[in-house]
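J.: Just dropping this structure here.
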Amino acid sequence: MRTSTAGVPSEGRDPKRRVLKDVFGFDDFRPGQAAVMDTLLSGRHVLAVMPTGAGKSLCYQVPALVLGGLTIVVSPLVALMQDQVAALRLAGVAADTINSSLDRDANVAAWRRVASGQTRLLYLAPERLMTERMLDALSRLDIRLIAIDEAHCISQWGPAFRREYEDLSQLRDIFPNVPIIAVTATADETTRTDIVSRLFADRVETQVLGFDRPNISLAIEPKQDSKRQLLRFVERHAGRSGIVYCLSRRKTEEMAAFLEKNGITALPYHAGMSKEAREANQNAFMTLSGVVMVATIAFGMGIDKPDVAYVFHTDLPSSLEAYYQEIGRAGRDGRSAEAHMLYGLGDIRTRRLFIDDEDASPEHKRRSHGRLDMLIGYCETAQCRRQVLLGYFGETASACGNCDNCRNQAPRADGREEARIILTAVAQTGERFGAAHVIDILLGHETEKVLARGHERLGSFGSGASHKRDVWLSLIRQLVAGGFLVPDPNGHGGLAISEQGLALGRGQLPFEYRVETRSRGARGRTRSTDGAASADNVDTGLLAALKALRLRLAKERQVPAYVVFSDRTLIDMAERKPLDLDAFAEVNGVGAAKLKEFGEIFLATIEAHRTGA
């Protein structure tokens, strides 16, 4: 009979705590988990909005095992489903997935296990679940719980609406006595309201944990030379793991190659790579120290690497929700981490093109443009970034002292005269040209483009000699962010004057601007990063040996490395240095099944390291 750390027999404990310890190897719940589980176990629906890394999966996996019967888990990504199934199986849980990446024989075998009652959790994509044939077959089984992962996909106002999620609203009527849990990390108030209405017909308990990740420093730097800016940043974090997000597959490959050329261990990750190549790079990132993963948004879901020191965006994300989710992959170990973004006008045009090219309703596009406007406002704000970010999700906060604006507050100035100069140049050129050409006119540069159009004869030509190019570029950015100028995605990036801009030009509105300096971004650094790096109390040689063993075992089982054990578990293992199975059982994240399968193997590595064998 296994006992907990408190010596209480397994049979005498709260059922959900017994499952948490005996199956998953954890001594206690993270904040918010127990309350969500209790709601489900009482038979009530719940919408759980929890920060990235808060342990959303356990909120339905533990109740699934307490309730017995079959739990259906709806997930949008095949790779994520397969990784979660592999992780559950290694924990001794009977889990299956039926999906399009498996051959017919594998799917038939999985269904037979489900139909016979062997399977506890069945992972399905929404389009497979919501077929008449599947629903009819499931209606004959003992379904106790339904979990919907990435629930923001059901909302037409969410940042990642998926039409195949729409049909999930039928589940409450098809399975009227089955509790449903919807989980997400990225849902503002509008999205949450839409989920509650669509999925639950307003009959649900909503539990929203705090969105703040105070250990993550926030900084934004004007984009000038993105490769060099990235290199300078990464070199400040030598030997630390980080994620670099790029907008395109091509840029991902280019940035990874550039870092490698400059002595940084960097690997690309995007959907255009083979599954084998993606898994190899993911395993290297999870196992080795100091690896930089250069990726598109295809990388990140389901990844739980605690020691990611930074997330760097070379391009503007799609929304504040996406930004929040992506930066949330840093600093999960609680140590100081950085979220650093490069931001330029070209990013705005590209994002607006993406929105306008969507196959979506005009209303959805309008909302998407609004979300982008909020992100641009976040980039351009002169106030505490954390206040703006948390305010977007409906939370209030005092100035954090851990963002570039708090640490290095740029001065503000009355910009009405500068705005008038810019607006005049934009108007005189017919509102058809981008920032670079407008600035050439202001500075009086007789470029080929200026001379070809006769713009050297305009009254605004040379009117901006009082400021340098960088100052005018920053002013134009802030006019765009303030809604005075509007980038026209169909006009090759041309700037147009809005009604608000016309009022500003007539002197009817004020305009204060943030005075930028080139060194602003470089000075926006995380406090105590170096101190955090020296605070580790881990035998690095042993940790490296444990990671190498984990990688070998993962390759043998054809699963990602983190499925065997998370980094948190290996770090705890390296700190505790257990000498026998009883001690190994107390390592955070070691459940009964993994104790049986991996205990002796890892103990042998720990002993070999201790004795120098």
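J.: Which value at 222 nm does the chain reach when only helices count, each DSSP H run of 4 or more adding -39,500 (n - 2.57), with the total divided by all residues and rounded to the nearest 500 deg cm²/dmol?
T.: -13000 deg cm²/dmol
J.: Counting other C-beta atoms within 10 Å, which of 563, 93, 74 has the fewest, and how do the rest follow?
T.: Going from sparsest to densest Cβ surroundings: 93, 563, 74.
J.: Counting only DSSP beta bridges with both residues in the chain, tell me the antiparallel percent, nearest 5.
T.: For the chain, the DSSP antiparallel bridge percentage is about 15.
J.: With charges set only on the Cβ (+1 for Lys and Arg, -1 for Asp and Glu), what does the dipole of the chain come to about its Cα centre, in debye to the nearest 20?
T.: Value, rounded to 20: 580 debye.
J.: Given R₀ = 45 Å, FRET efficiency for residue 115-residue 254 by Cβ-Cβ distance, to 0.05?
T.: Approximately 0.35, to the nearest 0.05.
J.: What number do you get for region 10-208 when its Cα radius of gyration is normalised by 2.2 N^0.38 Å, N = residues?
T.: The value comes to 0.97.
J.: Sticking with this structure for a sec: Relative to the first principal axis of the alpha-carbon coordinates of the chain, what is the inclination of helix 345-357, with its axis defined by its Cα atoms, in degrees from 0 to 90 and to the nearest 10?
T.: That works out to roughly 60 degrees.
J.: A further question on this structure: Grab the other residues whose beta carbon is less than 11 angstrom from that of residue 334, score K and R as +1, D and E as -1, and report the net.
T.: Charge balance near residue 334 sits at +2.
J.: Continuing with this model, one more query. Rounded to two decimals, what is the ratio between the C-alpha radius of gyration of region 412-516 and 2.2 N^0.38 Å?
T.: 0.98
J.: Please quote Rg/Rh for region 380-456 to two decimal places, taking the Kirkwood radius as Rh and restricting both calculations to Cα atoms.
T.: We get a ratio of 1.21 for region 380-456.
J.: Same structure again: Which angle from 0 to 90°, rounded to the nearest 10, does the C-alpha axis of helix 540-557 make with the longest principal axis of the chain?
T.: Around 70 degrees separate the two axes.
J.: Along the charge dipole of the chain, Cβ charges K/R +1 and D/E -1, which of 354, 286, 193 sits furthest on the positive end?
T.: Positive-end residue among those listed: 286.
J.: Of the listed pairs 227/305; 56/594; 305/577; 56/365; 21/577; 555/596, which have alpha-carbon separations greater than 27 Å here?
T.: The answer is 56/365.
J.: Treat the count of other C-beta atoms within 10 Å as a stand-in for reagent exposure and order 372, 135 from fewest to most.
T.: So the ranking, lowest neighbour count to highest, is 135, 372.
J.: Give me 20, 168 sorted ascending by neighbouring Cβ count inside 10 Å, so fewest comes first.
T.: Ordered from fewest to most neighbouring Cβ atoms within 10 Å, 20, 168 come out as 168, 20.
J.: Among 306, 325, 174, whose Cα sits farthest toward the positive end of the charge dipole of the chain (+1 at Cβ of Lys/Arg, -1 at Cβ of Asp/Glu, about the Cα centre)?
T.: Value computed over the given set: 306.
J.: Report the one residue of 591, 606, 544 whose Cα lies farthest in the direction of the positive end of the charge dipole of region 540-611 (charges on C-beta: Lys and Arg +1, Asp and Glu -1; origin at the Cα centre).
T.: 544
J.: Please find the FRET efficiency linking residue 44 to residue 163, where r is the Cβ-Cβ separation and R0 is fixed at 25 Å, and quote it to the nearest 0.05.
T.: 0.30
J.: Decide, for region 300-436, between rounded, prolate and oblate: order the square roots of the alpha carbon gyration tensor eigenvalues as a ≥ b ≥ c, take rounded if a/c falls under 1.5, and otherwise choose prolate if a/b is larger than b/c, else oblate.
T.: In terms of gyration-tensor shape, oblate.
J.: Something else: With N set to the number of residues, divide the alpha-carbon radius of gyration of region 326-387 by 2.2 N^0.38 Å and report two decimals.
T.: Normalised by 2.2 N^0.38 Å, the Cα Rg of region 326-387 equals 1.40.
J.: Residue 396 versus residue 576, label points 7 Å from Cα toward the beta carbon: distance in nm?
T.: About 4.4 nm, to one decimal.
J.: Shifting gears a bit: With the convex hull built on the Cα atoms of region 112-263, state its orientation-averaged projected area in nm².
T.: Its average projected convex-hull area is 13.8 nm².
J.: Rounded, prolate or oblate, given the Cα gyration tensor of region 216-407, with a/c below 1.5 counting as rounded?
T.: oblate
J.: Output the Cα-based Rg and Dmax of region 540-611 in Å, rounding Rg to one decimal and Dmax to a whole number.
T.: When restricted to the Cα atoms of region 540-611, Rg and Dmax are 10.9, 31 Å.
J.: Using only Cα atoms, tell me the angle between helix 416-428 and the longest principal axis of the chain; keep it within 0 to 90° and round to the nearest 10.
T.: Tilt relative to the chain: about 80 degrees.
J.: Provide the gained length on full extension for the span residue 173 to residue 105, in nm with one decimal, where the gain is 0.36 nm per separating residue minus the Cα-Cα distance.
T.: Contour length minus Cα-Cα distance gives 21.3 nm.
J.: Averaged across orientations, what area in nm² does the convex hull of the alpha carbons in the chain project?
T.: 30.0 nm²
Laboratory data are not the source of any read-out in this text; all were calculated from the coordinates shown. Only a predicted model underlies this, so the values are computations on that prediction, with no experimental measurement involved. Every residue, glycine among them, receives a Cβ derived from its backbone with ideal geometry; neighbour counts consider all protein chains shown.
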